[in-house]
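Each remark here refers to the structure printed beneath this line.
The values are calculated or read from the model by the stated rules, or taken from the named source; none is laboratory data. Being a predicted model, the structure only gives us computed values, none of them experimental. Note that each Cβ is placed from the backbone with ideal geometry, even for glycine, and that neighbours are counted across all protein chains shown.
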Protein chains: 2
Amino acid sequence: MDRRSLIKNAGIAGVLAASAAPAIVGAQPAVRWRVASSFPRSLDTIYGGAEVFAKMVSDATGGRFQISVHPGGELMPPFGVVDGVQAGTVEAAHTCPYYFFGKDDTFAIGTAIPFGLNSRQLTAWYYDGNGLKLFREFYDAYNIVNFPCGNSGAQMGGWFRKEIKSPADLQGLKFRVGGFAGKVLSKLGAVPQLIPGGEIYQALERGTIDAVEWVGPYDDEKLGFQRVAPFYYYPGWWEGGAQIDLYVNKAAYNALTPEYKAIVAAAASHAHVNMQAMYDVRNPQALKRLVAGGTKLEAFPRSVMDAAFRASMELYTELNDTNPRWKKIYEDYAAYRRDANLWFRFTEARFDSYMQAARL
Amino acid sequence: MDRRSLIKNAGIAGVLAASAAPAIVGAQPAVRWRVASSFPRSLDTIYGGAEVFAKMVSDATGGRFQISVHPGGELMPPFGVVDGVQAGTVEAAHTCPYYFFGKDDTFAIGTAIPFGLNSRQLTAWYYDGNGLKLFREFYDAYNIVNFPCGNSGAQMGGWFRKEIKSPADLQGLKFRVGGFAGKVLSKLGAVPQLIPGGEIYQALERGTIDAVEWVGPYDDEKLGFQRVAPFYYYPGWWEGGAQIDLYVNKAAYNALTPEYKAIVAAAASHAHVNMQAMYDVRNPQALKRLVAGGTKLEAFPRSVMDAAFRASMELYTELNDTNPRWKKIYEDYAAYRRDANLWFRFTEARFDSYMQAARL
């Protein structure tokens, strides 16, 4: 059967159905959603993830399901999007769950916690482990149905005006950091600041802060941090693989047809894999440009990593003891983290380390 | 607007459209496809990838676009699926491109070549580099439109009856290996055998072959290799991240509506990310079971890795000189491989190696 005859037959079926009942077989309703992003439009990677999602939904529905994406601040403040989705002011948001650790520390696990899962592991835990199931339960109280919708990979440790040679150098450091990691940095004596992406450069330029972490070479270069801080540290031990979520208002989600629900899930998966791909293709080029421009790449010393690891595990013990919502999700996450690292250190790590040292 | 009023309004729009023309706005045609898999049904990871794809397409279309998946051998031999798609015997196949290096070595790059890209890097090159574009051009001569539709991650180096202590131990070794890598193993003196997944165990048990590589702990355990070979080597340097593709017959693809084309792309992305997640969740558990059962994990010695690396690069130079289709794709791939490994060795590798050594 060729395409024309297929369409013709479906058309006839539709006409028959239409005469019998008002709901036509195969016809899908017109739906319009707004997505409030927490990010500035200039970041084609992370802001672009919501646009990739929206375009796929539109393409898959012949434009009947239209989603407009709005940069942070346009409809509501960048960090106001959970309230917006919860109240149904917007149908959806595209954001980093860990921004909302002030509501409940459990949010942090949804993006990244210090010494947590890397990008592939977090995706695995969401898709084939218990991650999505556990977070769907947790978010229910916020009227949110969530979908993984992007990951940055392991982030850089950020831009510093001065070198970090030991944990003592963190004392009193005013450091812009993406959310929950500030709790660990506080334990180490730093003074964490949570500032939306669009406002960080100014704060660093003005000296309101001493250091800033954002994402990695490609995004950081756009925000211009290399112009005001010479040292670029790695690894971002608080973000081994930071996930961005699509948060959908529960009532808006439940109002969708089963077909549209599936299209939302598939389009989110498409945007999820596409964002990591963008970072993995664009970060290497940006890194080369930054280093050519004089940026100094530095590894955090072992003493800093170890102090941060101890402080992180101490914090997780405290949270296990005080927050049952955290404990329920963290215990499952931590068990997978143990298993995943056991497995990854054999064939994945051996292959990667050989390739990274090879003359290619 | 609630769901019912949306459907009602769409219904009215549909009725109006129906009275004007036979093609109803929003109605999509009934389509039925068959997917020939190269894999046995017992492998829920790799065979399951096609089922995840088919279910998502069905869900997204209210069952109007139905895809049945058929295990290797049911409709055609496991390695006959490219001929099947090219001739239009089936609308699609789910297979590893590198099985078809006998037609053209360029196919191999589509899955994995020795010392190639890892899983994330290969996905990045397809989605945001030139990979998909270049392969769409290459496959055009085979009437194929391809979609990445699964990845295994870095595979294990396989099951060996005897230890491999130096390149000399590869001499005369009859080794089942997944396609193109056999060319490198031949240069090292081994005797490669290409056998479909469903037939390998028997060959190893009967002693027709001395060693076998398949995928990794989860799949290998199901096929039972641990019962007939004690040594389990890593890394699978010929498959740092093996991609499985959905091959769609060009005419079948072109007959789809734009909506269905988008749904196929999104569902393939969903299956792509889901398969890697399954491996990353299930391999650790299987690895623990195998080791508890007596399997001996061994790393290939550096001398074997180095000999294989040299032989691989020699082969790629030969192919660059003799096959312009290979050269066009390989040069782009190799440039990204250089850049990607430059970037990954900083923050990704540093984070992962810290986590793999940590007491979690």
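From (1) in contact (Cβ under 8 Å) with a residue 24 or more places away in the chain; (2) surrounded by fewer than 24 Cβ atoms within 10 Å (Cβ to Cβ); (3) aliphatic (A, V, I, L, M), pick out the condition that doesn't hold for B:Val212.
For B:Val212, the exception is condition (2).
So is B:Pro217 under 25 Å from B:Lys296 (Cα atoms) and either touching a helix residue (DSSP H, G or I) at 6+ places or on another chain (Cβ under 9 Å) or at pLDDT 95 or above (or both) or not?
Yes.
Please determine whether any residue of the stretch B:244-254 is in a helix (DSSP H, G or I), farther than 21 Å from B:Arg176 by Cβ and hydrophobic (A, V, I, L, M, F, W, C).
yes
Looking at the stretch A:92-146, which of its residues are among the charged types (D, E, K, R) and surrounded by 22 or more Cβ atoms within 10 Å (Cβ to Cβ)?
The answer is A:Asp105, A:Arg120.
Based on this model, can you work out whether B:Thr89 counts as surrounded by fewer than 18 Cβ atoms within 10 Å (Cβ to Cβ) and either within 14 Å of another protein chain (Cβ to nearest Cβ) or polar (S, T, N, Q) (or both)?
yes
Can you tell me how many residues in the stretch B:103-133 are more than 14 Å from every other protein chain (Cβ to nearest Cβ) and assigned to a helix (DSSP H, G or I)?
Adding up the residues that qualify gives 4.
Would you confirm, using the coordinates I've provided, whether B:Ala181 is surrounded by 24 or more Cβ atoms within 10 Å (Cβ to Cβ), within 14 Å of another protein chain (Cβ to nearest Cβ), closer than 20 Å to B:Phe101 by Cβ and within 19 Å of the chain's Cα centre (by Cα)?
Yes: the conditions hold for B:Ala181.
Could you list, ordered by first residue, the pairs with Cβ atoms under 6 Å in which the first is in the stretch B:347-360 and at the interface with chain A (Cβ under 7 Å from one of its Cβ atoms) and the second is surrounded by fewer than 17 Cβ atoms within 10 Å (Cβ to Cβ), at least 6 apart or interchain?
Taking only residues 6 or more apart or on different chains, the pairs are B:Gln356/A:Arg345; B:Leu360/A:Arg338.
Considering only residues that are part of a loop (DSSP other than H, G, I, E, B) and out of contact with any Leu (no Cβ under 8 Å at 6 or more places or on another chain), which ones fall in the stretch A:174-201?
A:Phe180, A:Leu194, A:Ile195, A:Pro196
Taking the stretch A:202-229 on its own, how many of its residues are within 18 Å of A:Val291 (Cβ to Cβ) and not in a loop (DSSP other than H, G, I, E, B)?
The total comes to 10.
Out of the residues in the stretch B:223-233 that are crowded, with 19+ Cβ neighbours inside 10 Å and out of contact with any strand residue (DSSP E or B) (no Cβ under 6 Å at 6 or more places or on another chain), state the one that is modelled with the highest pLDDT.
For the stretch B:223-233, the residue satisfying everything is B:Gln226.
Only one residue in A:Ala262, A:Ala277, A:Ala292, A:Ala286 is among the hydrophobic types (A, V, I, L, M, F, W, C) and touching a residue at least 12 places away in the same chain (Cβ under 8 Å), so which one is that?
A:Ala286
Can you give me the number of residues within the stretch B:234-259 that are within 20 Å of B:Lys55 (Cβ to Cβ) and either without any contact (Cβ under 8 Å) to a residue 12 or more places away in the chain or buried (at least 24 other Cβ atoms within 10 Å of the Cβ) (or both)?
Qualifying residue count, the stretch B:234-259: 5.
Restricting attention to the stretch A:82-102, which residues are closer than 12 Å to A:Gly179 by Cβ and either outside any strand (DSSP E or B) or more than 14 Å from the chain's Cα centre (by Cα) (or both)?
Passing the criteria: A:Cys96, A:Pro97, A:Tyr98, A:Tyr99, A:Phe100, A:Phe101, A:Gly102.
Could we say that A:Gly150 is touching a helix residue (DSSP H, G or I) at 6+ places or on another chain (Cβ under 8 Å), buried (at least 18 other Cβ atoms within 10 Å of the Cβ) and away from chain B (no Cβ under 14 Å) here?
Answer is no for this residue.
Take the stretch A:43-81 and flag every residue that is in a strand (DSSP E or B), without any contact (Cβ under 8 Å) to a residue 40 or more places away in the chain and within 14 Å of chain B (Cβ to nearest Cβ).
Of everything in the stretch A:43-81, those that are in a strand (DSSP E or B), without any contact (Cβ under 8 Å) to a residue 40 or more places away in the chain and within 14 Å of chain B (Cβ to nearest Cβ) turn out to be A:Gln66, A:Ile67.
Could you pull out the residue among B:Gly189, B:Gly172, B:Gly198, B:Gly116 that is at negative phi and modelled with pLDDT of 95 or more?
B:Gly116
Please go through (1) within 13 Å of another protein chain (Cβ to nearest Cβ); (2) in a loop (DSSP other than H, G, I, E, B); (3) touching a Leu at 6+ places or on another chain (Cβ under 8 Å) for B:Tyr232 and return the number of the only condition it doesn't satisfy.
If we test B:Tyr232 against (1) within 13 Å of another protein chain (Cβ to nearest Cβ); (2) in a loop (DSSP other than H, G, I, E, B); (3) touching a Leu at 6+ places or on another chain (Cβ under 8 Å), just (2) comes out false.
Might you let me know whether the stretch B:333-346 holds any residue that is away from every other protein chain (no Cβ under 11 Å), within 22 Å of the chain's Cα centre (by Cα) and aliphatic (A, V, I, L, M)?
Scanning the stretch B:333-346, I find no residue that is away from every other protein chain (no Cβ under 11 Å), within 22 Å of the chain's Cα centre (by Cα) and aliphatic (A, V, I, L, M), so the answer is no.
For the stretch B:22-31, indicate whether the set of residues that are farther than 26 Å from A:Gln28 by Cβ, modelled with pLDDT of 95 or more and part of a loop (DSSP other than H, G, I, E, B) is non-empty.
Looking through the stretch B:22-31, none of the residues is farther than 26 Å from A:Gln28 by Cβ, modelled with pLDDT of 95 or more and part of a loop (DSSP other than H, G, I, E, B).
Pick from the stretch A:253-300 the residues that are of a type in the set (Asp, Glu) and more than 24 Å from the chain's Cα centre (by Cα): which of them is nearest to the other protein chains (Cβ to nearest Cβ)?
Residue satisfying both the conditions and the ranking: A:Glu259.
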